[in-house]
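The next block holds one structure in the form of C-alpha cells; read it before the comments.
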Amino acid sequence: MFKNLTIRTRLIFTLSFLVVFLLGVEMLGLFGMSQSNAGLKNIYEDRVIPLAQLGQISSLLQQNRFVVTAAFITPTPEVIDNNSAIFEKNVKEISIIWKKFITIYLTPAGDMLADKFDEDRTKLINEGLLPALSALRASELKKANQIVLAKVDPLYELVMEDISTLTTLQIELTKQKYESQQIHFTIIRNIFIALIIFILALAVLISVAFTRAVFKPLEQAFEVARGVAAGNFSQHIEVRSADEIGQLMQALKDMNIHIINTVGKLKDREAYIRSLMNSLIEGVISTNEYGVIETFNPAAEDIFGYTENEAIGQNVSFLTPNIYPNNNENFLKRHLGTGVAKTHLGVVEEVRGLHKNGTIFPMEIAVGEMRWKDHIVFTCIVNDISERKLEEEHKMRLIQELENTHEELKNFAYVVSHDLKAPLRAISALASWLSHDYSDKFDEEGKKHMHLLIQRVYRMDNLINGILQYSRVGQVKERLVAVNLDQLVREVIDSISPPSHIEVIIENILPTIMIEPTRIEQVFQNLLSNAIKYMDKSQGEIHIACNSGVGCNSEDKLWEFSITDNGPGIETRHFERIFQLFQTLTPRDKVEGTGVGLSLVKKIVEMYGGKVWLKSEIGEGSTFFFTLPKTYNKVV
Amino acid sequence: MRITNKPILLVEDDEVDAMTVIRAFKDINVTNPLIRKENGEDALSYLRDVHIEKPCIILLDLNMPIMNGVEFLHVFKQDELLKRIPVVVLTTSEEQQDKVEIFNLGVAGYMAKPVDYMRFVEVMRSIDSYWTISEMP
C-alpha cells in the first residue's frame, strides 16, 4: 500500500507526521514545565511561607516574653502600658499569622503538633504572660515573679519546643516536597531524553527507509542507465513500484527497449551495408583524416592480399609502393595525410598499388571525402586494373598497328596517285607525240595499236582514279551540310548530260538532308551514269524517286531512294558481285567501266548507316534502292 | 607570256613532264625562256642568285626528291624578295588535303596534270592567257 504511493506523498506524509510528533513533544514539554512551575510554587507557598510564619510567631512570642520581662525591670505604669500595648498587638498578630498558617496542608502528626502548640501558646499567653502582666499592673511584683517562674518559663520552653518541632516537621515536609519535585523533574528530563533518542532513532529509521525507498532504487536506476550507456542492453530492469522511481525505471526500460530496437535496426542496416560492401567488386577502403585505415572490404583484401584485420589500423600508404617518392607514392597521402590537392577528390586516377607479396600493380582509385561530425573520412574505391591495363595495352598495340596500316594505305593511295600516274602520263604523252609526230610513218595497224595503247592508258588512269575515290571515302571527312537533293540530282543529270534517247524523270520532290555533298553526289552520279551507260533500249527511261510510302514520310527513320531504269536488267546471281570492287558484268572493251562505281556507292551508303540493294528483271530493267538514316548525326 | 619576255621557271623532276611542258609551250607559241630546276633546293638557289633575271612565273611540281613543292613554298613565301612571284602548282595529286595545304601557302593556281596530252596543252594555254592579261607587280 505504502509502496504504491509516490515518493512525494510519502515525503509529505512523513514530514507531517514528524511535525505533529514534534508538536506533541513540545506540548508535553510545556505541560511538564508548567507542572514543575506549579510544584515549585506549592513548595514556596505551602512550605517556605509557613516556615517564615513559624519564625515570625516564634520571634513575636519571644518579643512578648521580653516585653513582660522588661516590664519587670522597670515596672513603671508607662512602661507597663506601653509594653502591654505591644504585647496585645503581638498577640493579635500571632493569632492572624497562626490563622494563616493553619490553612496549609499538614500531615496528621503535624496537625497534632499544631493543636498542641496552639494549646500551649494559648496557655502561655492566657495563664502565663497575661496574669504576669496583670500582676505587674497591680504592682504585685512578687506575684508576678511567681507567675513568671511557675507558668511563663515552663510554658515558654514548651511553646518554643513545639515551634521548633513544627519547624523541623515543616522543613522535613519541604524537603520531601522538594525531593518529589526533583524526581518529577528527573522524570520529565528522562522523558525528553527518551524522546530525543526516539526522534534520533526515527530520523535514522526515516533515513534508512528513504535510502531503501529512494536512494537504492535511484542507484539501481543509475546503474541501469550507466549500463545502457555502456552498451549493455541485456540487463534485467525490474519495475518494483509505481512511484517516481518506478516510473523512472519504467522509462529506462522503455528507453532500453527502444534502444534495443533502434540498435537492432541499425545493426540490420549495418549488416546490410556491410554485405553490400562485401559484395562490391571494387575494393573499398576508408580512412580517417590521418590516413589510418578503418574499413577494408573483401574486394580490397583480394586486391592487396592483406586481410581486413591486418589492414585496419595501418596507414594507407603501406598499400602504395615507394618507387615514386614525389608522385604516385604520395597519391593517397596527398589526400589522406594532408587534405591538400582537393582537386583530385572524386576523380578516378590511375596509380600503382603494392600487393602483400611485393608485386606492384596498376590500380584505379577514386577518393571521396566525407565529413563525419568533426572528422574527415576518406573513402577510396580501388580497382585492380592489371588485366584491363594489359587489354588496353593490347588494344593500343592493335590500334597502333591499325593506324600504321591505315597510314601505309594512305601513303599507298598517295604513292598511287603520284607515282603510278606520273609514268602513265609520260606513256600517254609519249604515245600521243609518237602518233602525232610520226603519223605518216605508221600504217593502219600501227595507228590502231597506238590508239589501243592510249585507250589502255586512259583505262589505267580511270582505274587509278577509281581506287583513289574508293579509298578516300571515310578517310577524308567533309562537313555535313544541308543538301537539297532535288537541286543536286538535277545538277548531276546535267553534268552527265544523258543522250537524247534517254529520259531522266524525278518522280517527286526530293528532300533536303544533312550529308557530305561530294559523297551523295558520287552516289547519284554513279547510279545514274550506270543506268545511262548500260541502257540498251531505244527509248530509255530512268526514274528517280524518294519512296514516300516507305522512307519519305517524316516519321520514318530512313530516307529511301530508288533509281529505276528500263535497261537490260541484272541476273539475280550477280546481285552480290556487282557491288564488289573492280567487278563488271560486261567486257571493258564493250562498255568502258572500272568496276568501282557500285562498290563506291555501297561504301558511301553503308558509311552513313544505310543499305543499298536492287530488284531486277532481265530485259525489263533494274531498280537500285538505297536508304539513308534521317539522324545521321546520332548514328555517328 | 606575250607582254614580258622574262624567263619562266619550271621546277619539275620528271623528264617527260618537263618535255610535256616545253612541247606544250612550243605548241601554243610561248617564247619566254624556260629554266628548269629538278627540285626545290635547286630552284631556291637559282632564285637567290643576284645575277639572274627573276622569272615572271614559276610552274611547280609537288612530288620531287630532296625538297618537294610544299617545302619549297614554305621557304619561298618567307622570302621578301621572292614571295610576290606567282607560283602555279602543276601536280598529279587531286587530293583535297593537298589542295587546301597548297592554297594556304598562297599560290596563284593549282592545276592537275591530265593524262591526255591535248588536255594538258589546253591547261597550258589557259595559264598563258591568264598571265598575259593579269597585271603584275
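The values are calculated or read from the model by the stated rules, or taken from the named source; none is laboratory data. Treat the numbers as computed from the prediction; the structure is a model and nothing was measured. Note that we place each Cβ from the backbone using ideal geometry, even for glycine, and neighbour counts take in every protein chain shown.
For (1) within 17 Å of A:ILE57 (Cβ to Cβ); (2) small (Gly, Ala, Ser); (3) in the same structural domain as A:ASP162 (by TED's automatic domain parsing); (4) surrounded by 13 or more Cβ atoms within 10 Å (Cβ to Cβ), each residue gets a yes or a no:
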{"site": "A:PRO77", "(1), (2), (3), (4)": "no, no, yes, no"}
{"site": "A:ILE80", "(1), (2), (3), (4)": "no, no, yes, yes"}
{"site": "A:SER84", "(1), (2), (3), (4)": "no, yes, yes, yes"}
{"site": "A:GLU88", "(1), (2), (3), (4)": "yes, no, yes, yes"}
{"site": "A:SER95", "(1), (2), (3), (4)": "yes, yes, yes, yes"}
{"site": "A:ALA109", "(1), (2), (3), (4)": "no, yes, yes, no"}
{"site": "A:MET112", "(1), (2), (3), (4)": "no, no, yes, no"}
{"site": "A:ASP120", "(1), (2), (3), (4)": "yes, no, yes, yes"}
{"site": "A:LEU133", "(1), (2), (3), (4)": "no, no, yes, yes"}
Mind listing whichever residues of the range B:56-72 are out of contact with any helix residue (DSSP H, G or I) (no Cβ under 7 Å at 6 or more places or on another chain) and outside any loop (DSSP other than H, G, I, E, B)?
B:ILE58
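Looking only at the range B:103-118, how many residues end up being assigned to a loop (DSSP other than H, G, I, E, B) and within 14 Å of chain A (Cβ to nearest Cβ)?
Number satisfying all stated conditions: 4.
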Here the residues within the range A:462-505 that are away from chain B (no Cβ under 14 Å), assigned to a helix (DSSP H, G or I) and among the polar types (S, T, N, Q) are A:GLN487, A:SER495
Of the conditions (1) under 26 Å from A:THR586 (Cβ atoms); (2) modelled with pLDDT of 90 or more; (3) surrounded by 14 or more Cβ atoms within 10 Å (Cβ to Cβ), A:LEU488 satisfies every one except a single condition; which number is it?
(1)
Is it the case that the range B:12-31 has a residue that's out of contact with any His (no Cβ under 7 Å at 6 or more places or on another chain), away from chain A (no Cβ under 14 Å), of a type outside the set (A, V, I, L, M, F, W, C) and touching a residue at least 12 places away in the same chain (Cβ under 8 Å)?
yes
Which number in (1) in contact (Cβ under 8 Å) with a residue 12 or more places away in the chain; (2) on the phi < 0 side of the Ramachandran plot marks the one condition that A:SER139 misses?
(2)
Could you tell me which numbered condition A:GLU521 fails, if it satisfies all but one of (1) closer than 19 Å to A:ASP565 by Cα; (2) within 60 Å of the chain's Cα centre (by Cα); (3) not basic (Lys, Arg)?
(2)
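Residues checked against (1) more than 10 Å from chain B (Cβ to nearest Cβ); (2) in a helix (DSSP H, G or I):
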position: A:PHE378; (1), (2): yes, no
position: A:ILE381; (1), (2): yes, no
position: A:GLU387; (1), (2): yes, yes
position: A:GLU391; (1), (2): yes, yes
position: A:GLU401; (1), (2): yes, yes
position: A:ALA413; (1), (2): no, yes
position: A:ALA426; (1), (2): no, yes
Based on this model, can you work out whether A:SER435 counts as within 14 Å of chain B (Cβ to nearest Cβ) and within 30 Å of A:TRP559 (Cα to Cα)?
no
A:GLU445 vs (1) surrounded by fewer than 17 Cβ atoms within 10 Å (Cβ to Cβ); (2) more than 14 Å from chain B (Cβ to nearest Cβ); (3) not in a helix (DSSP H, G or I): all pass except (3)
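If we keep just the residues of the range A:260-306 that are β-branched (Val, Ile, Thr) and loosely packed, with under 15 Cβ neighbours inside 10 Å, which is farthest from A:LYS373 (Cα to Cα)?
A:ILE281
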Of the residues A:PHE210, A:PHE233, which single one is over 24 Å from A:GLY264 (Cα atoms) and at pLDDT below 80?
A:PHE210
Considering each residue of the range B:104-117, count those that are modelled with pLDDT of 85 or more and over 13 Å from the mean Cα position of the chain (by Cα), and give that number.
3
Condition set under 17 Å from B:LEU10 (Cα atoms) and either outside any loop (DSSP other than H, G, I, E, B) or within 14 Å of chain A (Cβ to nearest Cβ) (or both), scope the range B:76-95, selection modelled with the lowest pLDDT: answer is B:THR92
Which members of the range A:212-244 meet the condition of being of a type in the set (Lys, Arg) and not assigned by TED's automatic domain parsing to the domain that holds A:THR262?
A:ARG212, A:LYS216, A:ARG226
Which is more than 30 Å from A:GLU516 (Cβ to Cβ), within 14 Å of chain A (Cβ to nearest Cβ) and either in contact (Cβ under 8 Å) with a residue 60 or more places away in the chain or exposed (fewer than 15 other Cβ atoms within 10 Å of the Cβ) (or both), of B:VAL121, B:VAL100?
B:VAL121
Does A:ALA413 qualify as being free of Cβ contacts under 8 Å to residues at least 24 places away in the same chain, surrounded by 16 or more Cβ atoms within 10 Å (Cβ to Cβ) and hydrophobic (A, V, I, L, M, F, W, C)?
no
Which one of these does A:ILE281 not meet: (1) assigned to a loop (DSSP other than H, G, I, E, B); (2) touching a Lys or Arg at 6+ places or on another chain (Cβ under 9 Å); (3) modelled with pLDDT of 80 or more?
(2)
Sole exception among (1) hydrophobic (A, V, I, L, M, F, W, C); (2) more than 30 Å from A:ARG10 (Cα to Cα); (3) surrounded by 11 or more Cβ atoms within 10 Å (Cβ to Cβ) for A:ILE245, by number
(2)
Residue check, A:LEU61 surrounded by 19 or more Cβ atoms within 10 Å (Cβ to Cβ) and touching a residue at least 60 places away in the same chain (Cβ under 8 Å)
yes
Suppose we filter the range B:1-30 for residues that are within 14 Å of B:TRP131 (Cβ to Cβ) and assigned to a loop (DSSP other than H, G, I, E, B); how many remain?
9
What number of residues in the range B:103-118 are surrounded by 14 or more Cβ atoms within 10 Å (Cβ to Cβ), of a type outside the set (A, V, I, L, M) and without any contact (Cβ under 8 Å) to a residue 12 or more places away in the chain?
2
Residue check, A:ILE188 surrounded by fewer than 15 Cβ atoms within 10 Å (Cβ to Cβ) and either of a type outside the set (Gly, Ala, Ser) or not assigned by TED's automatic domain parsing to the domain that holds A:THR76 (or both):
no
Inside the range A:284-323, can you point out the residues that are outside any loop (DSSP other than H, G, I, E, B) and within 14 Å of A:PHE378 (Cα to Cα)?
A:VAL284, A:ILE285, A:SER286, A:THR287, A:VAL292, A:ILE293, A:GLU294, A:THR295, A:PHE296, A:ASN315, A:VAL316, A:SER317
